[in-house]
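Single-structure report; data block below.
The values are calculated or read from the model by the stated rules, or taken from the named source; none is laboratory data. Not measured: the values here are computed from a predicted model. Here the Cβ positions follow ideal geometry from the backbone for every residue, glycine too, while neighbour counts run over all protein chains shown. What goes into the accessible areas is simple: the full protein's heavy atoms, side chains included, and nothing from ligands, DNA or RNA. Shrake-Rupley method; radii C 1.70, N 1.55, O 1.52, S 1.80 Å.
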Amino acid sequence: MTRAPGTPVAPALELRDVTKAFGSVVALTSGSLALHRNSIHALVGENGAGKSTLVKIIAGLYQRDAGDFTLDGRTVDFSSTAQSKAAGIAVIYQEPTLFPDLSVTENIFMGRQPTGRFGRIDRKAMRAEVAGLFARLGVRIDADRPAEGLSIADQQIIEIAKAISLDATVLVMDEPTAALSGVEVERLFAVARSLRDEGRALLFISHRFDEVFDLCDTITVMRDGEYISTTSTTETTVDRVVREMVGRDVADLYPKQEAEIGEVLLDVRGLGSAGVFHDIDLQVRSGEIVGLAGLVGAGRSEVARAVFGVDRYDTGSVTLKGTRIPAHNPVAAMRAGIALVPEDRRKQGLVLDSTVAHNITMSIRQQLSKLGLLTSGAENAAARVWSSRLEVKTSALDTIAGTLSGGNQQKVVLGKWLATNPTVLIIDEPTRGIDVGTKSEVHRLLSRLAGEGMGILMISSELPEVLGMADRVLVMREGRITAELDRADATSEAVMFAATQSSEHAA
Ligand SMILES: Nc1ncnc2c1ncn2[C@@H]1O[C@H](COP(=O)(O)OP(=O)(O)OP(=O)(O)O)[C@@H](O)[C@H]1O
Ligand SMILES: [Mg+2]
(Lines give C-alpha, C1' and ligand atoms only; values in the text may rest on other atoms or scores of the structure.)
(Ligands and ions follow the chains in the order given, each with its own letter.)
Protein backbone atom coordinates (compact mmCIF):
# COMPACT_ATOMS: atom_id res chain seq x y z
CA MET A 1 0.00 0.00 0.00
CA THR A 2 1.37 3.42 -0.84
CA ARG A 3 0.56 6.45 1.13
CA ALA A 4 0.94 10.08 0.26
CA PRO A 5 3.95 11.41 2.12
CA GLY A 6 3.01 13.04 5.38
CA THR A 7 -0.20 11.06 5.86
CA PRO A 8 -0.23 9.97 9.48
CA VAL A 9 -0.37 6.20 9.99
CA ALA A 10 -3.20 5.09 12.24
CA PRO A 11 -1.91 3.00 15.13
CA ALA A 12 -2.45 -0.74 14.79
CA LEU A 13 -4.35 -0.47 18.07
CA GLU A 14 -5.43 2.54 20.04
CA LEU A 15 -7.29 3.13 23.28
CA ARG A 16 -8.26 6.64 24.22
CA ASP A 17 -9.69 7.73 27.59
CA VAL A 18 -11.05 4.30 28.29
CA THR A 19 -12.85 3.87 31.60
CA LYS A 20 -13.82 0.75 33.50
CA ALA A 21 -15.39 0.23 36.91
CA PHE A 22 -16.26 -2.94 38.80
CA GLY A 23 -19.09 -1.92 41.06
CA SER A 24 -17.63 0.81 43.22
CA VAL A 25 -14.02 -0.01 42.27
CA VAL A 26 -12.81 2.23 39.47
CA ALA A 27 -10.03 0.32 37.71
CA LEU A 28 -9.53 2.75 34.82
CA THR A 29 -10.31 6.46 34.73
CA SER A 30 -8.45 7.32 31.53
CA GLY A 31 -6.68 4.40 29.90
CA SER A 32 -4.84 5.56 26.79
CA LEU A 33 -2.39 3.65 24.65
CA ALA A 34 -1.35 3.60 20.99
CA LEU A 35 0.46 0.58 19.58
CA HIS A 36 2.27 0.87 16.26
CA ARG A 37 3.55 -1.74 13.87
CA ASN A 38 7.28 -2.50 14.04
CA SER A 39 7.37 -1.46 17.65
CA ILE A 40 7.54 -2.97 21.13
CA HIS A 41 5.64 -0.83 23.59
CA ALA A 42 6.01 -1.08 27.37
CA LEU A 43 3.20 -0.43 29.83
CA VAL A 44 4.28 0.17 33.42
CA GLY A 45 2.57 1.18 36.64
CA GLU A 46 2.20 0.15 40.26
CA ASN A 47 0.22 -2.89 41.37
CA GLY A 48 -3.42 -2.08 40.78
CA ALA A 49 -2.71 0.76 38.32
CA GLY A 50 -5.04 -0.84 35.78
CA LYS A 51 -2.61 -2.52 33.36
CA SER A 52 -4.24 -5.96 33.32
CA THR A 53 -7.68 -4.39 33.11
CA LEU A 54 -6.57 -2.58 29.95
CA VAL A 55 -5.20 -5.86 28.60
CA LYS A 56 -8.48 -7.64 29.29
CA ILE A 57 -10.40 -4.94 27.44
CA ILE A 58 -8.08 -5.40 24.46
CA ALA A 59 -8.65 -9.15 24.73
CA GLY A 60 -12.44 -8.82 24.71
CA LEU A 61 -12.68 -10.35 28.17
CA TYR A 62 -14.00 -7.08 29.63
CA GLN A 63 -15.94 -4.35 27.85
CA ARG A 64 -15.04 -0.70 28.39
CA ASP A 65 -17.58 1.61 30.03
CA ALA A 66 -16.57 4.60 27.91
CA GLY A 67 -13.80 5.83 25.63
CA ASP A 68 -12.47 4.90 22.19
CA PHE A 69 -10.99 1.62 21.07
CA THR A 70 -9.80 1.41 17.47
CA LEU A 71 -7.85 -1.00 15.27
CA ASP A 72 -6.22 0.68 12.26
CA GLY A 73 -8.46 3.68 12.90
CA ARG A 74 -11.70 1.70 12.96
CA THR A 75 -13.77 1.48 16.14
CA VAL A 76 -14.16 -1.98 17.60
CA ASP A 77 -16.46 -3.37 20.28
CA PHE A 78 -15.44 -6.85 21.28
CA SER A 79 -17.98 -8.81 23.21
CA SER A 80 -15.82 -11.94 23.45
CA THR A 81 -12.20 -13.10 23.35
CA ALA A 82 -13.00 -14.97 20.13
CA GLN A 83 -13.73 -11.64 18.40
CA SER A 84 -10.49 -10.13 19.59
CA LYS A 85 -8.58 -13.20 18.38
CA ALA A 86 -10.31 -13.05 15.01
CA ALA A 87 -9.27 -9.39 14.70
CA GLY A 88 -5.61 -10.43 14.96
CA ILE A 89 -4.89 -9.91 18.65
CA ALA A 90 -3.06 -12.51 20.73
CA VAL A 91 -2.83 -12.14 24.50
CA ILE A 92 -0.62 -13.75 27.10
CA TYR A 93 -2.31 -13.22 30.46
CA GLN A 94 -0.55 -12.52 33.71
CA GLU A 95 -1.73 -15.85 35.13
CA PRO A 96 -1.40 -18.92 32.89
CA THR A 97 -4.77 -20.22 31.77
CA LEU A 98 -3.96 -23.73 30.53
CA PHE A 99 -6.38 -26.62 30.85
CA PRO A 100 -4.67 -29.07 33.23
CA ASP A 101 -6.20 -32.22 31.73
CA LEU A 102 -5.38 -31.40 28.14
CA SER A 103 -2.00 -32.11 26.59
CA VAL A 104 0.49 -29.38 25.87
CA THR A 105 -0.31 -29.61 22.15
CA GLU A 106 -4.07 -29.56 22.73
CA ASN A 107 -3.65 -26.47 24.86
CA ILE A 108 -1.73 -24.69 22.12
CA PHE A 109 -4.42 -25.48 19.56
CA MET A 110 -7.35 -24.97 21.91
CA GLY A 111 -10.42 -24.03 19.87
CA ARG A 112 -8.77 -24.08 16.44
CA GLN A 113 -7.51 -27.56 15.74
CA PRO A 114 -6.31 -27.95 12.17
CA THR A 115 -8.46 -30.50 10.38
CA GLY A 116 -7.48 -32.81 7.55
CA ARG A 117 -9.46 -33.86 4.50
CA PHE A 118 -12.32 -35.58 6.25
CA GLY A 119 -12.62 -33.02 9.01
CA ARG A 120 -10.44 -35.16 11.20
CA ILE A 121 -8.03 -33.44 13.54
CA ASP A 122 -4.64 -33.43 11.87
CA ARG A 123 -2.39 -34.52 14.71
CA LYS A 124 0.68 -34.71 12.53
CA ALA A 125 0.31 -31.08 11.49
CA MET A 126 -0.21 -30.07 15.11
CA ARG A 127 2.91 -31.94 16.24
CA ALA A 128 5.03 -30.40 13.51
CA GLU A 129 3.88 -26.90 14.35
CA VAL A 130 4.52 -27.35 18.06
CA ALA A 131 7.97 -28.74 17.33
CA GLY A 132 8.72 -25.67 15.23
CA LEU A 133 7.46 -23.27 17.91
CA PHE A 134 9.41 -24.99 20.67
CA ALA A 135 12.57 -24.96 18.55
CA ARG A 136 12.15 -21.24 18.03
CA LEU A 137 11.69 -20.67 21.75
CA GLY A 138 14.43 -23.15 22.61
CA VAL A 139 12.25 -25.20 24.93
CA ARG A 140 12.24 -28.88 25.62
CA ILE A 141 8.82 -29.83 26.90
CA ASP A 142 7.09 -33.08 26.03
CA ALA A 143 4.26 -31.91 23.78
CA ASP A 144 2.10 -34.95 24.58
CA ARG A 145 2.14 -34.66 28.36
CA PRO A 146 -0.78 -33.08 30.20
CA ALA A 147 -0.39 -29.46 31.28
CA GLU A 148 -1.07 -30.53 34.87
CA GLY A 149 2.06 -30.45 36.99
CA LEU A 150 4.14 -28.22 34.74
CA SER A 151 6.20 -25.52 36.45
CA ILE A 152 4.91 -21.94 36.11
CA ALA A 153 7.86 -21.18 33.84
CA ASP A 154 6.89 -24.00 31.48
CA GLN A 155 3.23 -23.00 31.56
CA GLN A 156 4.20 -19.46 30.68
CA ILE A 157 6.36 -20.66 27.77
CA ILE A 158 3.41 -22.67 26.46
CA GLU A 159 1.19 -19.60 26.68
CA ILE A 160 3.81 -17.73 24.70
CA ALA A 161 4.03 -20.50 22.07
CA LYS A 162 0.25 -20.46 21.82
CA ALA A 163 0.14 -16.70 21.29
CA ILE A 164 2.92 -16.77 18.70
CA SER A 165 1.21 -19.59 16.80
CA LEU A 166 -1.85 -17.38 16.34
CA ASP A 167 0.18 -15.29 13.91
CA ALA A 168 -1.46 -12.15 15.22
CA THR A 169 -0.81 -8.54 14.22
CA VAL A 170 -0.93 -7.37 17.82
CA LEU A 171 0.73 -9.41 20.56
CA VAL A 172 0.04 -8.45 24.17
CA MET A 173 2.20 -9.88 26.96
CA ASP A 174 1.14 -9.23 30.56
CA GLU A 175 4.19 -9.93 32.76
CA PRO A 176 5.38 -12.86 30.66
CA THR A 177 8.82 -12.95 32.25
CA ALA A 178 7.86 -12.97 35.94
CA ALA A 179 8.48 -16.71 36.22
CA LEU A 180 11.21 -17.13 33.61
CA SER A 181 14.95 -17.57 34.09
CA GLY A 182 17.55 -15.43 32.33
CA VAL A 183 18.05 -17.79 29.40
CA GLU A 184 14.33 -18.12 28.77
CA VAL A 185 13.90 -14.37 28.94
CA GLU A 186 16.65 -13.90 26.36
CA ARG A 187 14.95 -16.37 24.02
CA LEU A 188 11.58 -14.71 24.44
CA PHE A 189 13.14 -11.33 23.70
CA ALA A 190 14.80 -12.64 20.55
CA VAL A 191 11.43 -13.94 19.36
CA ALA A 192 9.71 -10.67 20.32
CA ARG A 193 12.26 -8.66 18.34
CA SER A 194 11.86 -10.83 15.27
CA LEU A 195 8.07 -10.47 15.48
CA ARG A 196 8.52 -6.71 15.70
CA ASP A 197 10.80 -6.70 12.69
CA GLU A 198 8.17 -8.66 10.75
CA GLY A 199 5.87 -5.68 11.22
CA ARG A 200 3.83 -6.60 14.26
CA ALA A 201 2.87 -4.40 17.19
CA LEU A 202 3.80 -5.71 20.64
CA LEU A 203 2.76 -4.65 24.13
CA PHE A 204 4.95 -5.71 27.03
CA ILE A 205 4.05 -5.33 30.71
CA SER A 206 6.71 -5.85 33.36
CA HIS A 207 7.87 -4.64 36.74
CA ARG A 208 11.51 -5.26 35.72
CA PHE A 209 12.90 -2.02 34.38
CA ASP A 210 16.09 -3.52 33.00
CA GLU A 211 13.90 -5.62 30.69
CA VAL A 212 11.67 -2.72 29.75
CA PHE A 213 14.61 -0.58 28.74
CA ASP A 214 16.40 -3.45 27.02
CA LEU A 215 13.45 -4.60 24.91
CA CYS A 216 11.03 -1.76 24.34
CA ASP A 217 11.01 1.20 21.97
CA THR A 218 8.31 3.21 23.73
CA ILE A 219 7.04 3.33 27.27
CA THR A 220 3.67 4.36 28.66
CA VAL A 221 3.25 5.03 32.37
CA MET A 222 -0.05 4.62 34.25
CA ARG A 223 -0.96 5.59 37.77
CA ASP A 224 -4.24 4.87 39.60
CA GLY A 225 -6.12 4.00 36.44
CA GLU A 226 -4.90 7.08 34.67
CA TYR A 227 -2.65 7.69 31.69
CA ILE A 228 0.46 9.63 32.73
CA SER A 229 2.93 9.72 29.85
CA THR A 230 4.34 8.11 26.73
CA THR A 231 8.03 8.52 25.86
CA SER A 232 10.63 6.87 23.71
CA THR A 233 12.80 4.66 25.97
CA THR A 234 15.91 6.40 24.68
CA GLU A 235 14.56 9.72 25.93
CA THR A 236 13.72 8.80 29.49
CA THR A 237 15.40 7.16 32.48
CA VAL A 238 14.48 4.55 35.08
CA ASP A 239 14.39 7.22 37.77
CA ARG A 240 12.00 9.36 35.82
CA VAL A 241 9.70 6.47 35.00
CA VAL A 242 9.65 5.37 38.63
CA ARG A 243 8.82 8.87 39.80
CA GLU A 244 5.95 9.09 37.31
CA MET A 245 4.67 5.67 38.34
CA VAL A 246 4.77 6.20 42.06
CA GLY A 247 4.21 9.95 42.15
CA ARG A 248 7.22 10.39 44.48
CA ASP A 249 10.85 9.35 44.79
CA VAL A 250 11.29 5.76 45.92
CA ALA A 251 13.48 5.30 48.96
CA ASP A 252 16.40 2.90 48.85
CA LEU A 253 15.40 -0.34 47.13
CA TYR A 254 17.59 -2.50 49.37
CA PRO A 255 17.32 -0.96 52.82
CA LYS A 256 19.39 -3.59 54.59
CA GLN A 257 19.88 -2.85 58.28
CA GLU A 258 22.67 -4.35 60.33
CA ALA A 259 21.15 -6.99 62.60
CA GLU A 260 22.72 -8.85 65.46
CA ILE A 261 23.22 -12.42 64.33
CA GLY A 262 22.47 -14.89 67.09
CA GLU A 263 21.90 -18.61 67.67
CA VAL A 264 21.18 -21.13 64.94
CA LEU A 265 17.41 -21.38 64.49
CA LEU A 266 16.99 -23.60 61.47
CA ASP A 267 19.46 -26.43 60.97
CA VAL A 268 19.15 -28.59 57.88
CA ARG A 269 21.58 -31.52 57.60
CA GLY A 270 22.24 -33.85 54.71
CA LEU A 271 18.82 -33.34 53.18
CA GLY A 272 18.34 -35.37 50.03
CA SER A 273 15.52 -36.37 47.73
CA ALA A 274 16.36 -38.82 44.95
CA GLY A 275 16.72 -37.06 41.63
CA VAL A 276 15.78 -33.66 43.05
CA PHE A 277 18.42 -32.43 45.51
CA HIS A 278 21.35 -33.89 47.44
CA ASP A 279 23.47 -33.25 50.55
CA ILE A 280 21.80 -30.03 51.51
CA ASP A 281 23.36 -28.52 54.63
CA LEU A 282 22.14 -25.11 55.65
CA GLN A 283 21.73 -23.04 58.78
CA VAL A 284 19.74 -19.91 59.38
CA ARG A 285 20.55 -17.89 62.50
CA SER A 286 18.49 -15.44 64.45
CA GLY A 287 18.69 -12.01 62.82
CA GLU A 288 20.08 -13.42 59.62
CA ILE A 289 18.81 -13.22 56.06
CA VAL A 290 20.22 -16.13 54.09
CA GLY A 291 19.85 -15.80 50.33
CA LEU A 292 19.38 -18.95 48.28
CA ALA A 293 20.44 -18.12 44.73
CA GLY A 294 20.60 -20.17 41.56
CA LEU A 295 18.95 -20.60 38.21
CA VAL A 296 15.29 -21.52 37.87
CA GLY A 297 15.21 -25.31 38.16
CA ALA A 298 18.28 -25.62 40.41
CA GLY A 299 16.13 -27.16 43.15
CA ARG A 300 15.77 -24.21 45.51
CA SER A 301 11.96 -24.27 45.80
CA GLU A 302 12.06 -28.05 46.16
CA VAL A 303 14.41 -27.74 49.16
CA ALA A 304 12.12 -25.12 50.71
CA ARG A 305 9.08 -27.32 50.22
CA ALA A 306 10.83 -30.33 51.77
CA VAL A 307 12.04 -28.32 54.79
CA PHE A 308 8.51 -27.07 55.41
CA GLY A 309 7.15 -30.59 54.93
CA VAL A 310 5.05 -30.07 51.82
CA ASP A 311 7.25 -32.55 49.93
CA ARG A 312 8.99 -35.70 51.19
CA TYR A 313 12.71 -36.17 51.53
CA ASP A 314 14.69 -39.41 51.64
CA THR A 315 17.66 -38.55 53.82
CA GLY A 316 18.75 -35.99 56.38
CA SER A 317 17.05 -33.95 59.08
CA VAL A 318 15.49 -30.60 59.82
CA THR A 319 15.69 -29.08 63.31
CA LEU A 320 14.38 -25.81 64.66
CA LYS A 321 16.09 -24.51 67.79
CA GLY A 322 17.40 -28.01 68.46
CA THR A 323 14.04 -29.76 68.08
CA ARG A 324 13.63 -32.21 65.26
CA ILE A 325 10.81 -31.28 62.87
CA PRO A 326 8.95 -34.34 61.59
CA ALA A 327 9.26 -34.91 57.85
CA HIS A 328 6.38 -34.37 55.46
CA ASN A 329 4.17 -32.59 57.95
CA PRO A 330 3.59 -28.91 57.20
CA VAL A 331 1.18 -28.50 60.12
CA ALA A 332 3.87 -29.63 62.56
CA ALA A 333 6.41 -27.34 60.86
CA MET A 334 4.03 -24.42 61.14
CA ARG A 335 3.29 -25.12 64.81
CA ALA A 336 7.01 -25.33 65.48
CA GLY A 337 7.44 -21.86 64.01
CA ILE A 338 8.35 -22.23 60.35
CA ALA A 339 6.46 -20.37 57.65
CA LEU A 340 6.79 -20.84 53.90
CA VAL A 341 5.62 -18.21 51.46
CA PRO A 342 5.43 -20.26 48.26
CA GLU A 343 6.54 -19.28 44.79
CA ASP A 344 3.23 -19.90 43.08
CA ARG A 345 1.15 -17.78 45.39
CA ARG A 346 -2.00 -17.73 43.37
CA LYS A 347 -2.37 -21.50 43.37
CA GLN A 348 -0.77 -22.43 46.66
CA GLY A 349 -1.39 -19.52 48.89
CA LEU A 350 -4.67 -17.82 48.21
CA VAL A 351 -8.35 -18.67 48.50
CA LEU A 352 -9.49 -16.67 45.51
CA ASP A 353 -13.18 -16.51 46.38
CA SER A 354 -12.61 -15.48 50.00
CA THR A 355 -12.12 -11.96 51.31
CA VAL A 356 -8.78 -10.29 51.88
CA ALA A 357 -9.37 -10.34 55.66
CA HIS A 358 -10.20 -14.03 55.62
CA ASN A 359 -7.08 -14.86 53.62
CA ILE A 360 -4.74 -12.90 55.85
CA THR A 361 -6.11 -14.38 59.05
CA MET A 362 -6.42 -17.92 57.67
CA SER A 363 -3.29 -19.24 59.37
CA ILE A 364 -3.88 -17.49 62.69
CA ARG A 365 -7.57 -18.31 62.89
CA GLN A 366 -6.86 -21.22 65.24
CA GLN A 367 -4.88 -18.94 67.51
CA LEU A 368 -7.62 -16.32 67.53
CA SER A 369 -10.35 -18.86 68.18
CA LYS A 370 -8.39 -20.51 71.02
CA LEU A 371 -8.21 -17.15 72.71
CA GLY A 372 -11.93 -16.71 72.11
CA LEU A 373 -11.06 -13.84 69.82
CA LEU A 374 -12.38 -15.04 66.50
CA THR A 375 -14.83 -12.25 65.88
CA SER A 376 -15.03 -10.36 62.63
CA GLY A 377 -13.71 -7.36 64.55
CA ALA A 378 -10.58 -9.20 65.66
CA GLU A 379 -10.16 -10.72 62.22
CA ASN A 380 -10.36 -7.31 60.60
CA ALA A 381 -7.98 -5.75 63.12
CA ALA A 382 -5.35 -8.43 62.47
CA ALA A 383 -5.88 -8.19 58.74
CA ARG A 384 -5.68 -4.41 58.77
CA VAL A 385 -2.24 -4.42 60.37
CA TRP A 386 -0.76 -6.49 57.57
CA SER A 387 -2.65 -5.11 54.63
CA SER A 388 -1.55 -1.61 55.56
CA ARG A 389 2.06 -2.62 56.29
CA LEU A 390 2.16 -4.17 52.82
CA GLU A 391 0.17 -1.41 51.16
CA VAL A 392 -2.40 -3.77 49.67
CA LYS A 393 -4.29 -1.52 47.32
CA THR A 394 -7.87 -2.31 48.15
CA SER A 395 -10.63 -0.11 49.39
CA ALA A 396 -11.95 -2.71 51.80
CA LEU A 397 -10.82 -5.82 53.63
CA ASP A 398 -13.98 -7.56 52.49
CA THR A 399 -12.83 -7.38 48.86
CA ILE A 400 -12.78 -10.82 47.24
CA ALA A 401 -9.11 -11.79 46.83
CA GLY A 402 -9.59 -13.02 43.26
CA THR A 403 -10.54 -9.55 42.08
CA LEU A 404 -7.31 -7.93 43.31
CA SER A 405 -4.58 -7.13 40.83
CA GLY A 406 -1.83 -9.77 40.52
CA GLY A 407 0.67 -7.92 42.67
CA ASN A 408 -1.86 -7.16 45.39
CA GLN A 409 -2.75 -10.85 45.60
CA GLN A 410 0.92 -11.53 46.27
CA LYS A 411 0.91 -9.09 49.14
CA VAL A 412 -2.12 -10.75 50.72
CA VAL A 413 -0.32 -14.11 50.77
CA LEU A 414 2.73 -12.50 52.30
CA GLY A 415 0.54 -10.92 54.97
CA LYS A 416 -1.08 -14.25 55.74
CA TRP A 417 2.24 -15.86 56.62
CA LEU A 418 3.74 -12.89 58.39
CA ALA A 419 0.66 -12.80 60.62
CA THR A 420 1.75 -16.18 62.07
CA ASN A 421 4.83 -14.45 63.49
CA PRO A 422 7.17 -17.33 62.62
CA THR A 423 10.61 -18.04 64.12
CA VAL A 424 11.94 -18.82 60.66
CA LEU A 425 10.44 -17.43 57.51
CA ILE A 426 11.16 -19.16 54.22
CA ILE A 427 10.19 -16.92 51.40
CA ASP A 428 10.29 -17.96 47.75
CA GLU A 429 10.72 -15.04 45.33
CA PRO A 430 9.51 -12.38 47.78
CA THR A 431 8.99 -9.60 45.27
CA ARG A 432 8.07 -11.36 42.04
CA GLY A 433 5.37 -9.32 40.34
CA ILE A 434 5.54 -6.62 43.01
CA ASP A 435 5.99 -3.02 41.91
CA VAL A 436 9.07 -0.98 42.71
CA GLY A 437 7.56 1.10 45.53
CA THR A 438 6.22 -1.90 47.41
CA LYS A 439 9.36 -3.87 46.68
CA SER A 440 11.31 -1.42 48.72
CA GLU A 441 8.62 -1.77 51.45
CA VAL A 442 8.84 -5.58 51.42
CA HIS A 443 12.62 -5.38 51.73
CA ARG A 444 12.38 -2.92 54.59
CA LEU A 445 9.92 -5.25 56.29
CA LEU A 446 12.17 -8.31 55.87
CA SER A 447 15.10 -6.37 57.20
CA ARG A 448 13.09 -5.18 60.18
CA LEU A 449 11.80 -8.68 60.94
CA ALA A 450 15.38 -9.99 60.90
CA GLY A 451 16.32 -7.11 63.19
CA GLU A 452 13.66 -8.34 65.61
CA GLY A 453 15.34 -11.76 65.68
CA MET A 454 13.56 -13.71 62.95
CA GLY A 455 15.65 -15.99 60.74
CA ILE A 456 14.89 -15.59 57.06
CA LEU A 457 15.69 -17.91 54.19
CA MET A 458 15.10 -15.97 51.00
CA ILE A 459 14.99 -17.68 47.63
CA SER A 460 15.42 -15.20 44.83
CA SER A 461 16.29 -15.27 41.17
CA GLU A 462 16.92 -11.56 41.22
CA LEU A 463 20.60 -11.11 41.78
CA PRO A 464 20.42 -7.50 43.01
CA GLU A 465 17.85 -8.59 45.59
CA VAL A 466 20.07 -11.40 46.89
CA LEU A 467 23.17 -9.23 46.96
CA GLY A 468 21.31 -6.30 48.45
CA MET A 469 19.48 -8.13 51.23
CA ALA A 470 21.35 -11.30 52.26
CA ASP A 471 23.90 -11.58 55.06
CA ARG A 472 25.06 -14.83 53.54
CA VAL A 473 24.41 -16.32 50.11
CA LEU A 474 24.09 -20.01 49.28
CA VAL A 475 24.12 -20.90 45.61
CA MET A 476 22.49 -24.02 44.20
CA ARG A 477 23.09 -25.73 40.91
CA GLU A 478 21.55 -28.98 39.72
CA GLY A 479 20.22 -29.90 43.15
CA ARG A 480 23.39 -29.18 45.13
CA ILE A 481 24.77 -26.27 47.08
CA THR A 482 27.83 -25.17 45.12
CA ALA A 483 28.92 -22.10 47.05
CA GLU A 484 28.51 -20.28 50.33
CA LEU A 485 29.47 -16.62 50.24
CA ASP A 486 29.55 -14.01 52.96
CA ARG A 487 27.88 -10.70 52.21
CA ALA A 488 31.27 -9.11 51.61
CA ASP A 489 32.34 -11.76 49.07
CA ALA A 490 29.00 -12.12 47.33
CA THR A 491 29.47 -10.41 43.99
CA SER A 492 27.25 -11.06 40.99
CA GLU A 493 30.21 -12.74 39.23
CA ALA A 494 30.81 -15.12 42.14
CA VAL A 495 27.13 -16.05 42.40
CA MET A 496 26.68 -16.49 38.64
CA PHE A 497 29.81 -18.61 38.44
CA ALA A 498 28.58 -20.97 41.16
CA ALA A 499 25.11 -21.06 39.62
CA THR A 500 26.17 -21.89 36.09
CA GLN A 501 29.59 -23.53 36.10
CA SER A 502 28.84 -26.98 34.71
CA SER A 503 30.14 -30.06 36.49
CA GLU A 504 32.52 -30.91 33.61
CA HIS A 505 34.37 -27.70 34.22
CA ALA A 506 34.58 -28.16 37.97
CA ALA A 507 38.09 -28.74 39.20
N1 LIG B 1 -12.93 -8.41 38.15
C2 LIG B 1 -12.68 -7.42 39.01
N3 LIG B 1 -13.56 -7.10 39.99
C4 LIG B 1 -13.31 -6.10 40.85
N5 LIG B 1 -12.20 -5.33 40.84
C6 LIG B 1 -11.28 -5.59 39.89
C7 LIG B 1 -11.46 -6.65 38.93
N8 LIG B 1 -10.39 -6.67 38.12
C9 LIG B 1 -9.57 -5.67 38.55
N10 LIG B 1 -10.10 -5.02 39.60
C11 LIG B 1 -9.50 -3.88 40.32
O12 LIG B 1 -9.03 -2.95 39.37
C13 LIG B 1 -7.81 -2.35 39.78
C14 LIG B 1 -6.76 -2.51 38.69
O15 LIG B 1 -6.35 -3.86 38.62
P16 LIG B 1 -5.38 -4.43 37.51
O17 LIG B 1 -5.39 -5.92 37.64
O18 LIG B 1 -5.74 -3.86 36.19
O19 LIG B 1 -3.97 -3.83 38.01
P20 LIG B 1 -2.48 -4.06 37.38
O21 LIG B 1 -2.00 -2.72 36.97
O22 LIG B 1 -2.52 -5.13 36.38
O23 LIG B 1 -1.64 -4.49 38.68
P24 LIG B 1 -0.45 -5.62 38.87
O25 LIG B 1 0.83 -4.94 38.59
O26 LIG B 1 -0.56 -5.94 40.34
O27 LIG B 1 -0.76 -6.79 38.01
C28 LIG B 1 -7.45 -2.99 41.09
O29 LIG B 1 -7.85 -2.14 42.13
C30 LIG B 1 -8.27 -4.27 41.10
O31 LIG B 1 -8.56 -4.68 42.41
MG1 LIG C 1 -1.69 -7.02 36.29
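Against the chain, whose longest principal axis comes from its Cα atoms, helix 123-137 is set at around 70 degrees. Close amide H contacts of Leu13 (hydrogens built in the peptide plane, cut-off under 5 Å, sequence separation of 5 or more or a different chain): Leu35, Asp72.
Per-residue Karplus couplings for the range 55-72, computed as 6.51 cos²θ - 1.76 cosθ + 1.60 with θ equal to phi - 60°, are listed in order as 4, 5, 5, 4, 6, x, 7, 10, 10, 5, 7, 8, x, 9, 9, 10, 10, 6 Hz, Gly and Pro entered as x. With the full set of protein chains in place, find how many percent of the accessible area of the range 13-246 is carbon and sulfur; take the probe as 1.4 Å. Whole-percent figure for carbon plus sulfur exposure: 48. What angle do you read, to the nearest 10 degrees and between 0 and 90, between the alpha-carbon axis of helix 406-418 and the longest principal axis of the chain? With both axes taken from Cα atoms, the answer is about 10 degrees. Accessible surface ranking for Asp252, Asp174, 1.4 angstrom probe, highest first: Asp252, Asp174.
The residues of the chain expose, per residue, 44 Å² of accessible area to a 1.4 Å probe.
Spatial offset of the range 197-253 relative to the range 267-308 amounts to 36 Å, using the alpha carbon center of each. Relative intensity of the range 177-232 on a log10 scale, I(q)/I(0) at q = 0.14, 0.16, 0.17 Å⁻¹, equals -0.43, -0.56, -0.62, per a Debye sum over C-alpha point scatterers of equal strength in the absence of solvent.
Helix 436-451 and the longest principal axis of the C-alpha atoms of the chain enclose an angle of approximately 0°.
Considering only the other residues whose Cβ falls under 15 Å of the Cβ of Ile325, what net charge follows from Lys and Arg at +1 and Asp and Glu at -1?
Cβ neighbours under 15 Å give a net charge of +4.
Taking other residues whose beta carbon is less than 12 angstrom from the beta carbon of Asn38, and scoring Lys, Arg as +1 and Asp, Glu as -1, yields +1.
This model, with +1 at the C-beta of Lys and Arg and -1 at the C-beta of Asp and Glu, gives the chain a dipole about its Cα centre of some 1160 debye. Per residue, the chain reaches -9500 deg cm²/dmol at 222 nm when only DSSP H runs of four or more residues are counted, each adding -39500 (n - 2.57). Only protein heavy atoms count here; on that basis, with a 1.4 Å probe, Glu493 has an accessible area of about 130 Å². For the residue pairs Lys85/Lys124; Lys162/Lys411; Lys162/Lys439; Lys56/Lys162, the alpha carbons lie more than 26 Å apart in Lys162/Lys411; Lys162/Lys439.
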